[in-house]
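The values are calculated or read from the model by the stated rules, or taken from the named source; none is laboratory data. Note that the coordinates shown come from a computational prediction; the quantities given were computed from them, not determined experimentally. All Cβ positions, glycine included, derive from the backbone under ideal geometry; neighbour counts span all protein chains shown.
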Ligand SMILES: Nc1ncnc2c1ncn2[C@@H]1O[C@H](COP(=O)(O)OP(=O)(O)OP(=O)(O)O)[C@@H](O)[C@H]1O
Ligand SMILES: [Mg+2]
């Protein structure tokens, strides 16, 4: 009945690619985003400027443009990676900017006294950030980071434009034959909604678990 | 143990510390008093370089204060500090607050760190709160936890910046008692406080600051009974009148 | 099919899928600046001179034709970036040029007496929906007639027959046609018939789909694949513009293009089929071909396919 069910194998395989991209890029962007935030609050001016520039650049350049650049311009510079890894890397560096913005807002919620207390105890700046500031900052921004992860999962669809056979590409392909766009894309939309919902619920759980009582 | 020589500090135009000279001997308890805004906190914070100074020299245990970096961290490890607002790590239990620095800075094995932390918490009377988060403690308990946290580093000197000012009156005593017992055990202490009773009871010396200057240094009895300066007299008159 | 060249539409489509296609179907319909009224130059163009106009008795009361005539414009789903077929002139955005675009104007003239066409750029994914919910009157969009699609929409025509062909880099002497693609990396345009045709013909080929024709060409030249399978005419046009690729072999599929209209609108369908015959007889069909698709091949004007000749039409 539903063409997506008739093509279940293709859909599941493509969904697997979508989830793989979302998970790998999600983890990668959180790690990179935190590092960018660290650079942004570091005492080294050059690092701060670089991190600020990084965030501004990636927040202001469309993801599709970055994907096209990475897929079509890098080979001209002599660097040709397979498509899916390329898309994942682009998603990581792109979403890391949004993660960094979220984490920075979390850092701002951590009272200066926390940093002063840890420095006064003899922790180095790196230790203070790692053990005191970032754990608190991250706990404060679980939901915003969850939202970035939802956006990331949705943004994996753009990889369809550069040849990655993820869910959207597979669904397009199925519709090409079945020609029932409303049914097919609604169904795909429901799958994406499911992914978003799962991330949102997970973020909610994590948030409740790690929330700091003040 | 701690010596300041000709220390000047500005916040922009504002001259907050004006050529401060102060020496604190080992095991000495120095209480710093003075009107609000006189520079007491700044003095205290400059000793472990939470504030940098613009001129002069500060030595701790004979060593000049290092500039940023690992050497400064090592010095801070030897100088305990207790803040007005406690500043306990909000995401860690009381026990973890106390063990964090010994484990990560002193590299004390976790088991030993925990054992020593429990001893300290017991000593400040909150061993039963070890597993609680700071927010679950009263102000007095939090401040005692903060003192235990600082002591866990076995500091050579302890700095207290108005440790009881944020407390409800009924909790002030429990914190001052801990501090008094520390003093009695021979800890070198610099205490900024408005608690004149504590100053009289526990201090070896009282330092009176006003407008960024040390106006008077004297033994507590002498300072409280016969202040040498007009400014100290009017300050005492105002704090003791209520 | 040339929908691969619509970068914006493809990106929009991708997002649409991510966001929930239902709403996206109509969201493409109201882009500002997409309305394209034929301008004076188009009217004086030889393609449109003396173009057939339906007599009043053909505009049946209560029919779709009458509705269009009352409205005064024909609303067409057609691309804005398909070279030779339906491409917005970059220096004159009001002018959309190509075979599909010209036929749409000819149809407008047939109904209205003047080439009043309002263009709604479709995503390949949304054409059926646009017809079903009356967003557009007709689809001129290299819309290959298939039985599956004919269950959702009706097709007038076919009005043109094309086919898929193979392009390779100019220095490739190994691949001579579709039969040499066994086990090869093959590039196709996303949402083109090649997506399904290549695996059918060459099950061992490894197919990668790119959203736009320029992207696919770039991928071929950068070596992400050894061959690019696409509509013959579009490949011919690419090869004419860029000596670094060439078309090998002859088309290996037949793609009959139809005019998409609302399912089971029999009146409108036979009306359009009559119009197709009229412009074939009058030579306007041939003239439209000559000035568009005909400019990149040496061949003579092809014979128009027989109306109703393919399953689904
Ligand atoms: N970070 C800062 N930037 C600018 N000015 C500051 C800063 N910290 C303190 N000051 C100013 O320096 C002066 C001394 O401040 P300090 O906190 O040392 O006073 P204090 O004696 O501790 O006062 P209190 O009894 O109210 O705590 C005050 O005028 C204060 O406003
Ligand atoms: Mg103060």
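Test residue C:79 against the criterion of being farther than 25 Å from residue C:193 by Cβ, at pLDDT 50 or above and surrounded by 14 or more Cβ atoms within 10 Å (Cβ to Cβ), and give yes or no. Here the answer is no, as residue C:79 does not meet what is asked. Residue by residue through the stretch B:166-209, note down the ones that are outside any helix (DSSP H, G or I) and loosely packed, with under 14 Cβ neighbours inside 10 Å. Listed by number, the residues that qualify are B:168, B:185, B:186. Among the residues that make up the stretch B:167-181, is at least one of them within 16 Å of ligand 2 (Cβ to nearest atom) and closer than 17 Å to residue A:114 by Cα? No: the stretch B:167-181 contains no residue that is within 16 Å of ligand 2 (Cβ to nearest atom) and closer than 17 Å to residue A:114 by Cα.
No other residue among C:270, C:244 is surrounded by fewer than 19 Cβ atoms within 10 Å (Cβ to Cβ) and either assigned by TED's automatic domain parsing to the domain that holds residue C:169 or over 27 Å from residue C:313 (Cβ atoms) (or both) apart from C:244. As a summary of the residue check, residue B:134 satisfies the conditions (1) within 16 Å of ligand 1 (Cβ to nearest atom); (2) under 21 Å from residue B:105 (Cβ atoms) except for the one numbered (1). Residues that are assigned to a helix (DSSP H, G or I), surrounded by fewer than 23 Cβ atoms within 10 Å (Cβ to Cβ) and within 14 Å of chain C (Cβ to nearest Cβ) are absent from the stretch A:157-168. Of B:4, B:22, B:43, B:14, all but one fail to be closer than 27 Å to residue B:218 by Cβ and near ligand 1 (Cβ under 9 Å from one of its atoms); the exception is B:43. Of the residues making up the stretch A:170-206, those that are within 17 Å of residue A:17 (Cα to Cα), in contact (Cβ under 8 Å) with a residue 40 or more places away in the chain and facing chain C (nearest Cβ under 7 Å) are A:171, A:173, A:188. If you check B:63, B:28 for being away from ligand 1 (no atom under 16 Å from the Cβ), at pLDDT below 90 and on the phi < 0 side of the Ramachandran plot, only one passes: B:63. Checking each residue in the stretch B:155-169 for being more than 13 Å from ligand 1 (Cβ to nearest atom) and either within 16 Å of residue B:46 (Cβ to Cβ) or more than 14 Å from the chain's Cα centre (by Cα) (or both) picks out B:157, B:158, B:167, B:168, B:169.
Considering the stretch C:100-129, and only residues there that are within 9 Å of chain A (Cβ to nearest Cβ) and in contact with a strand residue (DSSP E or B) (Cβ under 9 Å, 6 or more places away or on another chain), the residue that is farthest from residue C:79 (Cα to Cα) turns out to be C:128.
In the stretch B:71-89, the residues that are at the interface with chain A (Cβ under 7 Å from one of its Cβ atoms) reach residues that are within 16 Å of ligand 1 (Cβ to nearest atom) and part of a strand (DSSP E or B) with C-beta atoms within less than 8 angstrom, at least six apart or across chains, in these pairs: B:81/B:159; B:81/B:160; B:81/B:161; B:83/B:161.
Yes/no matrix, rows are residues, columns are (1) within 14 Å of another protein chain (Cβ to nearest Cβ); (2) under 30 Å from residue B:83 (Cα atoms); (3) crowded, with 21+ Cβ neighbours inside 10 Å:
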position: A:7; (1), (2), (3): yes, no, no
position: A:14; (1), (2), (3): yes, no, yes
position: A:23; (1), (2), (3): no, no, no
position: A:40; (1), (2), (3): no, yes, no
position: A:83; (1), (2), (3): yes, no, no
position: A:90; (1), (2), (3): no, no, yes
position: A:111; (1), (2), (3): yes, yes, no
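The residues in the stretch B:1-60 that are part of a strand (DSSP E or B), more than 16 Å from ligand 2 (Cβ to nearest atom), crowded, with 19+ Cβ neighbours inside 10 Å and more than 14 Å from chain A (Cβ to nearest Cβ) can be counted, and the count is 7. Taking residues in the stretch B:183-195 that are more than 22 Å from residue B:171 (Cα to Cα), and partners anywhere that are within 16 Å of ligand 2 (Cβ to nearest atom), the pairs with Cβ atoms closer than 9 Å and at least 6 places apart or on different chains are B:188/B:30. Exactly one residue out of B:141, B:222 is away from chain A (no Cβ under 14 Å), within 30 Å of residue A:136 (Cα to Cα) and either away from ligand 2 (no atom under 16 Å from the Cβ) or assigned to a helix (DSSP H, G or I) (or both), and it is B:141.
Looking across the stretch C:146-159, just one residue is surrounded by fewer than 24 Cβ atoms within 10 Å (Cβ to Cβ) and touching a strand residue (DSSP E or B) at 6+ places or on another chain (Cβ under 6 Å), and that is C:154.
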